[in-house]
Structure formats: C-alpha cells, structure tokens
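For reference, the structure discussed in these notes is given below.
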Amino acid sequence: MAAIVSERTVLDVAESGTRAVNSALMAADVPAAVTLANPRGAHALACGLDRDIAVTVEGHVGYYCAGMNQHATVTIDGSAGVGVAENMMSGTVRVRGDASQSAGATAHGGLLVIEGNAGARCGISMKGVDIVVGGNIGHMSAFMGQAGRLVVLGDAGEALGDSLYEARIYVRGKVASLGADCVRKPMRPEHLTELRDLLTTAGFDADPADFTRYGSARHLYHFHVDNAAAY
Amino acid sequence: MTRPNPALRESATFDRRAIAEIQRAAETGIYDIRGWGAKRPLPHFDDLLFLGASMSRYPLEGYRERCDTDVVLGDRHAKHPLHLDIPITIAGMSFGALSGQAKEALGRGASLAGTSTTTGDGGMTTEERGQSKHLVYQYLPSRYGMNPDDLRKADAIEIVLGQGAKPGGGGMLLGQKISARVAGMRTLPEGIDQRSACRHPDWTGPDDLAIKILELREITQWEKPIYIKIGATRTYYDVKLAVKAGADVVVVDGMQGGTAATQDVFIENVGIPTLAAIPQAVQALQELGVHRKVQLIISGGIRTGADVAKAMALGADAVAIGTAALIALGDNSPRFAAQYEALGSAPGFYDDFQDGRDPAGISTQDPELAKNLDPVEGGRRLANYLRVLTMEAQTLARACGKSHLHNLEPEDLVALTVEAAAMARVPLAGTTWIPGALA
C-alpha cells in the first residue's frame, strides 16, 4: 500500500499500482510534495486530487492524468496522453513534453501549461481554464469553447475555435483555418495585459504584441435557418 | 358544423398531417422541433400478453403471497451498489429542460417510492440532490456543470452515449429557457441557444471509454456504480461494447423515449422500438455470461405495470420512466386546458417542451409558470403512480407464479402480432412460431 510518509515522499507507480498511488495522494490531509516514479504511461494517474499537494511525475503518463484536478499542482516530467487535466477545476498542471488530444477538455478553471505541442481538440469545450501551449496545437482546438483563455506560442491546426462561445484564443504563429463563427479580433490594451500576465505565469518569455486574438463572431448563438450552411 | 362530403377521399400518403407539415415548412423555412418521443404507431408492449398460470403452472395467491420487487444495480465493480425497493427508476431529465420545482418533485416522488432519480444535461441541483435518496449523475458530452464535488455526491454515474429519441444526435436548449441560473450552471451567456455535443470531447471509442471509466472510478474511489446509457439502434453490438468498456449497468432507451427538444424528423425516423431492443440487449449480455450481473435498465414508452412486467419478463432488471413521470406530475393535465388552447395545443397533445411556456410549470424556466407545480404535491402524485405501476406488475407476476418480478421470463409471454413476435422473440399467441428464430 502506497503511503505519503514525509513531505517529500516518492511513490513507485509500477510497484504500487495506480489505485494505491491515487488513494495515497487523496488520503493525506497535510500539504505535501510527492514524486511519482516509474509511471510507465499509466492512465488516470493523480486524478481527482482535491487539496494542496505538489505532485511530480517522473516520466510519461497515459490518459486523463490530473483529471478533474482541484487545488493541486501536478508536473509531468514527460509527455501526457489523451485528456490531460480534463475538467480541471483549479490548481496547476504542467506538461514538460507534448500532450495528446483533448488536453484540458471541458476544464472549468486552473492553469494548464504544455511546454511542447498539443494534439487535436486542445481545450475542447473549455469552461474557464487557462491553457498555455509552448508549441503547436492540432485541429479543432477550442471547439465549442465556452470560457477561459487558450494561448498558443506556435501554430494552430485547422478549424480553430469552431462553434466558439466566449473563450478567448491567442495565437503567435500561423492558423491553418478558422472554424465556424471564429473570427480574428483586435488586440486592445486589456488583451495585451492579460496575455502578458498569462505568459509570465506560465513561464514563457514572449512578446504579447506578436500574438493575434481570436474569438466568437456570435453569429451562431441563436439557431437561424439563414445560417444552416454553417452547421 | 358542415359534415364532410362522403365522396371526399383523403390520401393515405399525403394525409392531412403530411399536408399541414409541408405547408408549415414552406411558410417558415425551418424544421419542426418539439419535445416528447416518437408518436407514430410502433410494435410495443401492448402487442404482448402474459400466459397466466392454470394447470401447467402454479399461481401465487394475490394479496397474500409475497412478490418481491427490489433490485440491486451496479454490484459488478462498485463498492456501493444501489439497492432500490422497486425496479422502476426515473430517467435523466435536465434542470434547464425542466424547472427546479419539477426536479424537486421527481426527487421527492422517487424517494417516497424507494427508487432513484437521475440528473440530466446541465448538472446537479441542490433541490434534486436534497430530495433524492438515490441520485444518478449523468456524464454527458457537453459536461455542463460537471464537477468532481457533485460526482462524489452522486450515488451512481451514468455515462450517456445517446438517448432513444435521438441516437447519434446532440441537444439544443433554446434561448428562451436559458435563465440566469441555467446559464450560470452551464457557463454560458444567458438567453442564447445551447448546443449539446453528440460526441464526448475526450474519448472516441470503447477502448477509450474503458479508460474513461477507470478515471471516474479512481476519482470516486471505486464507490459508485457506472451506468452506460445508449439509444437503441445497433443494440446487440452496443451492449457488448458497453460491457467490454466496463459498465456495471447498461441502460437502453428505445425510440419511444422522450426528449425536451429535438427535430420531429429525428424523433420519428431514427432508432428502433423498445420492444425490439430488449431481446438484442439480453442476447448480448447472455452471450457474454453477464446477464443479471451487469444489470439492464430499459426505457422508452413505459406507461403501466404491464409494460414494466413485460420488459422484465423479456430480461430487463429494471425500467426507467421519463414522459410518464412528467404526466404523473401534471403534464398535459385537463386542469390547464385553457392555457394549452392559448398555445395552440390541448391536453393530451402538448409537446412543445422546447419553448418554455409550459402551463403545468414543468418544462419551463419561467418563475411564474413554475409556480403552477407544487413540488410536494407533485412528488406525492409521482409516488402514487410508481406504487400503482409496482402493484400492477406484482399482480401479473403472481398470476404467472412468480415470487419476484425478476423471475418473470420470456416463456410467460406470447405476441398478438407477427411483428411483435419477431421483435420480442416470443411465440405468436396460440402457436409455437417465433418469426426469425432458427428451428
């Protein structure tokens, strides 16, 4: 049975198994710093955390790492599979490598930093989370994004922000194409300020003036037959 | 009133309804969106009959001998399966589609009768959680209002892949029902149409779903039963895949299942009847060796205790009701005849659940209209109805000699029509013929 025995506990995922490790991470009631060794692509690791704890995963993780995170700080010293930090509510999740598709899907809050690239559907249905990606993102990212901010230092794939609601998107590089109802918008001073803060918080040294803002044209907010071709 | 000329002949193809719909479409340029479920005639439980006991079978004494009704749902993997007094549950219906009073009434009625109710697309309300002894929390593609705190408050989790009224389709809650509270729960602006996706955002097939279920179990410490709900289409294959993905309970919703707002063309033309879906689901479970281990809940057109008993005889462990529960609360009541007429409808016909002007106070977010439903009285009416369904099912089970509703079996049934016999896989009455069965 894995257990947190000191402020700097190391838990071996391969040895203890996901259930025991997650149970230990959830059980302790004191602030702690825990290292997870040998994750070997395990799924659902460090998910459902709901307290002040710093978890460092030494290696690559599978699907849904740090899913539904609340309050915790999770650092993945490797790459992450599908749905990292999905439905996160608060806290911080950082991926040192790349992230697969649906990173930060439906997340309501907190900060997700992906230092490498993110796959398709990054920030899909995002509901308030801040996502900062150091590299490129794949197609259909921020699809139906409702709230929050997606920052991309590299390029964005096709159909960026399709059917966007109120999420804001900042991209420094090229955008392959915009999705339905997603449009380029002017960068006003308040956007430069919020972007600078986001980049600083995420640990990136970049000039906000190099970015372009995208948002919803709000033409599809009410179904109308004249827009049928857009659906 | 002028009597129609008896020489006039109505076209069977272009009947008055078809003509009216063409005229409406030509006038408005938009398809018809409505609530309720399929209204077309379909082979249904009415086409089956029970073979009561006589010489070759031994009945139980009505009013004297026990006929139990309880059901355990989700004991395959979960630490805390649901143990319900009756096998009739309340299907998922969202706050947003329904008023807060309606959700509270459903919780009250279900709890009085010893059964569960279910959230819907839009999250969990305090009224519903507070009044529901057993509450199933739906996990939908939109993830509106989804959060781990409510996930842990739930008694079970239902991953929704589809529903019988619109298999393969997402939802659309029109702006007139998006009050400040509904909008806040869904993190969207007030008053705009809300589209619910038809695909989950972070998994794409049964292999992914198995990992998603693992995540939900981890987050909830393996305590909660995990249901998977599917709209009835390729039911045999979908049930097998649901079991493979790790479901504790499979919910199959036939095409008579209701909706708050979907295109009429979708409701009437997609999916298969509940009657046809049950044997497919049971076959899948039996072939995997998990029938009665992975429980099967059937919904879509359950109205009477006879429907309940017939679904269970065909192999369901429990049923779910939605439309019938709303009717029990007061939907389509003659009390509101004048208000329905003002809306161009009438008691027994009202299905505009999408437009938020429900005089019964059920499918609305208008606070004044919602006052027309007293949640306490509504809960009492629902509990009464659930008790009647249960007693009716017991009556039929006793007549077949069964001491528990789960002991009903296909052998207790015959069909009135060739279609029903083929779909339900029971003999045509008076014969041994099951159309389509291998000799």
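Some observations on this one:
- Breaking point among (1) more than 14 Å from chain A (Cβ to nearest Cβ); (2) in contact (Cβ under 8 Å) with a residue 60 or more places away in the chain; (3) at negative phi; (4) among the aromatic types (Phe, Trp, Tyr), for B:TYR31: (1)
- Checking each residue in the range B:263-299 for being over 29 Å from B:MET172 (Cβ atoms) and part of a loop (DSSP other than H, G, I, E, B) picks out B:LEU288, B:GLY289, B:VAL290, B:ARG292, B:LYS293.
- Qualifying residues in the range A:89-103 (those that are within 15 Å of A:HIS71 (Cα to Cα) and within 12 Å of chain B (Cβ to nearest Cβ)) - the one surrounded by the fewest Cβ atoms within 10 Å (Cβ to Cβ): A:SER90
- Residue match in the range A:114-125 (condition: within 12 Å of chain B (Cβ to nearest Cβ), touching an Asp or Glu at 6+ places or on another chain (Cβ under 9 Å) and touching a residue at least 40 places away in the same chain (Cβ under 8 Å)): no
- Residue-level check: of (1) touching a Phe, Trp or Tyr at 6+ places or on another chain (Cβ under 7 Å); (2) without any contact (Cβ under 8 Å) to a residue 60 or more places away in the chain, B:GLY123 misses just (2).
- Highlighted here are the strands (runs of 3 or more DSSP E) found entirely within the range B:14-101 that include at least 2 residues which are farther than 29 Å from B:GLY170 by Cβ: B:48-50, B:71-73, B:82-84.
- Here the range B:334-393 is the region considered, the condition is being acidic (Asp, Glu) and part of a loop (DSSP other than H, G, I, E, B), and the residue that is farthest from the chain's Cα centre (by Cα) is B:ASP366.
- Only residues that are among the polar types (S, T, N, Q) and at positive phi were counted across the range A:67-113, and they come to 3.
- Condition check for A:GLN146: within 9 Å of another protein chain (Cβ to nearest Cβ) and either modelled with pLDDT under 95 or more than 19 Å from B:THR204 (Cα to Cα) (or both): yes
- Of the criteria (1) closer than 18 Å to B:THR119 by Cβ; (2) more than 9 Å from chain A (Cβ to nearest Cβ); (3) not in a helix (DSSP H, G or I), which one B:VAL182 fails: (3)
- In the range A:24-73, residue farthest from the chain's Cα centre (by Cα) [restricted to those that are within 14 Å of chain B (Cβ to nearest Cβ) and surrounded by fewer than 18 Cβ atoms within 10 Å (Cβ to Cβ)]: A:ALA27
- Annotation note: of B:ARG195, B:ARG143, the sole residue that is under 23 Å from the mean Cα position of the chain (by Cα), closer than 27 Å to B:SER299 by Cα, part of a strand (DSSP E or B) and facing chain A (nearest Cβ under 8 Å) is B:ARG195.
- Residue check, B:ARG129 within 25 Å of B:THR364 (Cβ to Cβ), crowded, with 24+ Cβ neighbours inside 10 Å and touching a residue at least 24 places away in the same chain (Cβ under 8 Å): no
So that you can scan it fast, the table gives a plain yes or no per residue for (1) at pLDDT below 95; (2) away from every other protein chain (no Cβ under 14 Å); (3) over 20 Å from B:LYS293 (Cα atoms); (4) under 24 Å from the mean Cα position of the chain (by Cα):
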residue	(1), (2), (3), (4)
B:THR204	yes, no, yes, no
B:ASP208	no, no, yes, no
B:ARG217	no, no, no, no
B:LEU241	no, yes, no, yes
B:ALA247	no, yes, no, yes
B:VAL252	no, yes, no, yes
B:ALA260	yes, yes, yes, yes
B:GLN263	yes, no, yes, yes
B:GLU268	no, yes, yes, yes
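The values are calculated or read from the model by the stated rules, or taken from the named source; none is laboratory data. Everything numeric here is computed off the predicted structure, so don't read it as measured data. For neighbour counting, all protein chains shown are included, and Cβ atoms are generated from backbone atoms with ideal geometry for every residue, glycine included.
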